[in-house]
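Have a look at the structure below, then the notes.
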Amino acid sequence: IILTLLQADDTDVANSNAGSYGHIYEALLTKKLGEVSSKATDIGTKYTYISYIAYRLFSDDKTTFSFYDFGQMHVSYCKRFDSILDRDAVLRELIQAHIFVNDGGVLRFKYSYCFYYFVARYFKENIADEPRLREELEAIADRVSSEEYANIIIFFIYLTNDRAVIEHILANARQIYRQYEPSDLQDDVEFVNKLIKG
């Protein structure tokens, strides 16, 4: 998080009106993708493309993928979105933008938070057309003790402000702590006050 904030400061994407972690991370990604895109419209395509790859990996419970796997996902993306993209050029640009990294022939997202962000973005872009994604998202929200799931939910809420997911998380929290009375921050902390006065 600290490195992200420093990068944001260094690249002039941070400002007083956009202090959320999600906003800063998104601005950094847009800047990096802009550096390897020949025209502005390519950035939107890359966002959709990377989100598709991230979700495919997430669904297959994988964090790394081979060049063959990448080729298969690339073909699947082009078929689904009826587009023609140069596979090798796209991969080269995504490595150059520090989205993917090539570790001796094994590909992966360079940063785990980048992966989480793009999985969340896939949910955001497709949840209206794929009802099963709503169920999957609720299952993820039920398991926020997992770092991966927690970060996907955080980014999804940043991207959408989805009230149903927020209410689902709040309902879970109420269920977990149902045997406890909410603290009034008076009687419950009296022992601390006595220490201060003492």
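The values are calculated or read from the model by the stated rules, or taken from the named source; none is laboratory data. Quick caveat: nothing in here was measured; it's all calculated off a predicted structure. So basically every Cβ, Gly included, is an ideal-geometry build from the backbone, and we count neighbours across all protein chains shown. Just so you know, the surface numbers come from the protein's heavy atoms only, side chains and all, with ligands and any DNA or RNA stripped out. Shrake-Rupley method; radii C 1.70, N 1.55, O 1.52, S 1.80 Å.
Taking 0.36 nm per residue of sequence separation and subtracting the Cα-Cα distance, how much length would be gained by fully extending the chain between Glu138 and Asp61, in nm to one decimal? Display every interim value, and only then the final one.
On the way: separation 77, 0.36 × 77 = 27.72 nm, distance 1.75 nm.
Stretched fully, the Glu138-Asp61 segment lengthens by 26.0 nm.
A crude spin-label estimate for the pair Leu195 and Asp82, with each label 7 Å from Cα along the Cβ direction, gives 6.7 nm.
Taking a sphere under 13 Å around the Cβ of Phe155 and counting the other residues whose Cβ falls inside, with K and R at +1 and D and E at -1, yields a net charge of -3. Between Asn126 and Ser145, the contour length at 0.36 nm per residue exceeds the Cα-Cα span by 4.4 nm.
A cut-off of 5 Å between modelled amide H atoms, ignoring neighbours fewer than 5 places along the same chain, links Phe100 with Ile95, Lys110.
Net charge near Ser76: determine it from the other residues with C-beta under 13 Å of the C-beta of Ser76, scoring Lys and Arg +1 and Asp and Glu -1.
Values: positive: Arg56, Lys79, Arg80, Arg87; negative: Asp60, Asp69, Asp82.
That sum, taken over residues with Cβ under 13 Å, equals +1.
In straight-distance terms, cross-link reach from Lys32 covers every one of the lysines whose alpha-carbon lies under 17 Å from its own, apart from those fewer than eight places away in the same chain; here that gives Lys46, Lys110.
Length gained on full extension, Arg178 to Arg108: 21.1 nm, using 0.36 nm per residue less the C-alpha separation. Most tightly packed first, judged by the mean number of other beta-carbon atoms within 10 Å of their residues, the peptides 158-165, 113-120 read 113-120, 158-165.
Relative to the longest principal axis of the Cα atoms of the chain, the long axis of helix 21-35 makes an angle of roughly 10 degrees. Peptide packing: for 50-62, 92-104, the average count of neighbouring Cβ atoms within 10 Å per residue gives the ranking 50-62, 92-104, highest mean first. What is the angle, in °, between the Cα long axis of helix 163-176 and the longest principal axis of the Cα atoms in the chain? Nearest 10 is fine, range 0 to 90. That works out to roughly 40 degrees.
Arranged from highest to lowest average of other beta-carbon atoms within 10 Å per residue, in what order do the peptides 38-46, 135-143 appear? Spell out each step's value before the answer.
Details: 38-46: 12.9, 135-143: 15.6.
Put in order of decreasing packing, that is 135-143, 38-46.
Solvent-accessible surface of the stretch 90-139, averaged per residue with a 1.4 angstrom probe and all protein chains in place: 47 square angstrom.
Only one item in (1) 16.8, 55; (2) 21.5, 62; (3) 20.7, 74 matches Rg and Dmax of the Cα atoms in Å derived from the coordinates shown, and that item is (3). Converting phi to 3J(HN,Hα) with the Karplus coefficients 6.51, -1.76 and 1.60 and the offset θ = phi - 60°, the stretch 90-107 yields 4, 4, 4, 5, 6, 6, 4, 7, 6, 8, 9, 9, 9, 9, x, x, 10, 9 Hz in sequence order, with x at every glycine or proline.
The sum of -39500 (n - 2.57) across all DSSP H runs of n ≥ 4, divided by the residue count of the chain, sets its helix-only mean residue ellipticity at 222 nm to -20500 deg cm²/dmol.
If R₀ is 41 angstrom, what is the calculated FRET efficiency for the pair Lys31 and His168, using the beta carbon separation as r and rounding to 0.05? Intermediate results must be reported in sequence, preceding the final value.
On the way: r = 33 Å, r/R0 = 0.81.
In this case the efficiency is close to 0.80.
Give me the percent of accessible area attributable to carbon and sulfur for the stretch 113-198, probe 1.4 angstrom. It is 53 percent, rounded to a whole number.
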